[in-house]
Amino acid sequence: MTEPPNLPGAGPAAPEETVPTCYRHPGRETYVRCQRCNRPICPECQIPASVGVQCPECVREGNRSIRPTRTTLGGIAHADGTPVTIALLAITVLVSGVDLLGIGAVGNELSMLPGIPGIPRFGGIVHGEYYRLLSAALVHGNVIHLAVNMYSLWVIGRQLEPVLGRSRFLALYVVGALGGSAASYALNPPLIDGRFIFSSVGASGAIFALLGALLPVMRRLQYNLRPLFVLLAINAFIGFRFPGIDWKAHLGGLLIGLLVGAGLAYAPRERRTQIQVAGFVVALAIIAAVVVVRTGQLTG
């Protein structure tokens with residue numbers, strides 16, 4: 001069998017051009033390429049850049065080389081508001097709401113309960129339930145108690161969180177709650193008038209820690225301190241004047257806030273993070289020592 005003759009001007013057939021596909025989604029055809037690595041990327045993978053578009057991997061690689069913007073006191077600056085404050089509000093309102101609605105025994109399980117030595121069935125810190133030092137900040141005595149504390153958290157959090165950064169603000173809140181509970185544990189008897197089991201609830205210790213930290217922070221930033229002094233005086237008057245308010249927890253939170261806030265505000269730039277962390281460590285050590293000593297007093 002003879003091959004057909006070549007027609008004049010006819011050459012070999014050109015290979016069919018392959019349509020490029022996205023390197024992250026092989027089934028998607030695209031003619032757009034990343035400006036950095038030149039790999040084809042589909043619309044879902046295209047991230048706008050100063051010139052053209054880039055793929056997600058190149059964007060991540062570029063972000064690693066960019067140092068994050070820091071606040072005046074060393075925290076990482078964010079432009080998305082106060083998410084930690086909002087999260088603390090939401091969690092506290094949820095837990096307190098469940099307790100106030102009488103769903104389960106949330107308040108009994110989470111309150112700051114010293115416990116009665118020799119009677120473990122009631123539980124309490126003296127019997128090793130140390131989680132109560134923190135969980136007490138999640139429950140409140142009534143709706144007004146909850147509303148006042150959450151409003152205070154919202155007002156103070158919007159000032160402090162952007163200045164401290166998320167991690168420092170959250171650490172301050174947690175350490176303040178622990179400090180307030182530790183002071184309440186150390187300064188209140190397990191029984192009231194020898195008959196009623198003492199317990200304490202509320203985020204007041206943490207709130208007062210935020211107020212305490214505001215003092216050195218505002219002084220460091222050269223803000224007017226007079227409104228803060230007035231607010232502290234009003235809260236101190238309410239705490240001492242009205243019964244049923246655990247002013248010891250307020251005092252403990254305030255002192256811890258002053259200590260940690262001073263470290264956050266005045267740490268030198270050269271070793272700022274290390275000194276700020278040391279301030280938190282010292283505060284935690286003081287809290288632990290108070291709890292250990294008080295437990296020894298009750299059990300001894």
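Applied to segment 202-216, the Karplus parametrisation 6.51 cos²θ - 1.76 cosθ + 1.60 on θ = phi - 60° returns per-residue 3J(HN,Hα) values of x, 8, 4, x, 5, 4, 5, 5, 5, 5, x, 5, 4, 4, x Hz, with x for Gly and Pro. Stretching the chain fully between Ile91 and Val148 yields a gain of 19.0 nm (0.36 nm per residue, less the alpha carbon separation).
Taking Lys and Arg as +1 and Asp and Glu as -1, the other residues whose beta-carbon sits under 15 Å from that of Glu57 total +4. If you run the Gaussian network model on the chain, springs between alpha carbon atoms under 10 Å, then out of Ile245, Ile41, Ile116 the most flexible one is Ile41.
Among Ser181, Ser135, Ser50, sorting on how many other beta-carbon atoms sit within 10 Å of each Cβ, with the fewest leading, yields Ser50, Ser135, Ser181. Axis of helix 226-241 versus longest Cα principal axis of the chain: the two differ by about 50°, to the nearest ten degrees.
Amide H contacts under 5 Å for Thr21: Thr30, restricted to partners 5 or more places along the chain or on a different chain, H placed in the peptide plane at 1.01 Å from N. Placing unit charges on the Cβ atoms only, positive for Lys and Arg and negative for Asp and Glu, gives the chain a dipole magnitude near 1220 debye about its Cα centre.
The residue list Gln159, Gly263, Val175 was ranked by how far each Cα lies along the charge dipole of the chain toward its positive end, using unit charges on Cβ atoms, and Gly263 comes out on top.
Using only the Cα atoms of the chain, build the gyration tensor, take square roots of its eigenvalues as a ≥ b ≥ c, and label the shape rounded, prolate or oblate: rounded if a/c is under 1.5, else prolate if a/b is larger than b/c, else oblate.
Since a/c reaches 1.5 and a/b is larger than b/c, the shape of the chain is classed as prolate.
Computed from Cα atoms, the angle from the helix 272-299 axis to the main principal axis of the chain rounds to 40 degrees.
Taking amide hydrogens as placed 1.01 Å from N in the peptide plane, the amide H of Arg39 sits under 5 Å from those of Cys34, each at least 5 positions away in sequence or on another chain.
Ignoring everything except DSSP H segments at least 4 long, calculate the 222 nm mean residue ellipticity for the chain; use -39,500 (n - 2.57) per segment, divide by total residues, nearest 500.
Numbers: 10 runs with 161 residues, N = 300.
Calculated at 222 nm, the ellipticity per residue is -18000 deg cm²/dmol.
Oblate is the label for segment 161-300, because a/c, from the alpha-carbon gyration tensor with a ≥ b ≥ c as root eigenvalues, is 1.5 or above and a/b does not exceed b/c.
Length gained on full extension, Asn63 to Glu29, computed as 0.36 nm times the residue gap minus the Cα-Cα distance: 9.5 nm. Derived from the Cα gyration tensor, the three semi-axes of the equivalent ellipsoid of segment 132-223 are 28, 14, 11 Å, largest first.
Put in line by how crowded their Cβ is, counting other Cβ atoms within 10 Å and starting with the fewest, Tyr185, Tyr23 read Tyr23, Tyr185.
Spin-label model, Thr18 to Asp193: label points 7 Å out along the Cα-to-beta-carbon direction sit 8.8 nm apart. In this structure the amide hydrogen of Ile197, modeled in the peptide plane, comes within under 5 Å of the amide hydrogens of Ile192, none closer than 5 places in sequence on its chain.
Please give the peptides 144-150, 207-213, 258-264, 248-254 ranked by average Cβ packing (other Cβ atoms within 10 Å per residue), highest first, as a rough proxy for protection. Working shown, then result.
Working: 144-150: 16.9, 207-213: 29.0, 258-264: 22.7, 248-254: 27.0.
Packing proxy ranking, top to bottom: 207-213, 248-254, 258-264, 144-150.
The modelled label-to-label distance between Leu221 and Ile234, using points 7 Å beyond Cα along the C-beta direction, is 2.0 nm. The calculated FRET efficiency for Cys37 paired with Thr71, based on their beta-carbon distance and R0 = 22 Å, is about 0.05.
Since every read-out is calculated from the coordinates, none of them should be taken as a lab result. Here the structure is a predicted model, which is why all the values come from computation and not from measurement. Counting neighbours? That spans all protein chains shown, and the Cβs are built from the backbone with ideal geometry, glycine included.
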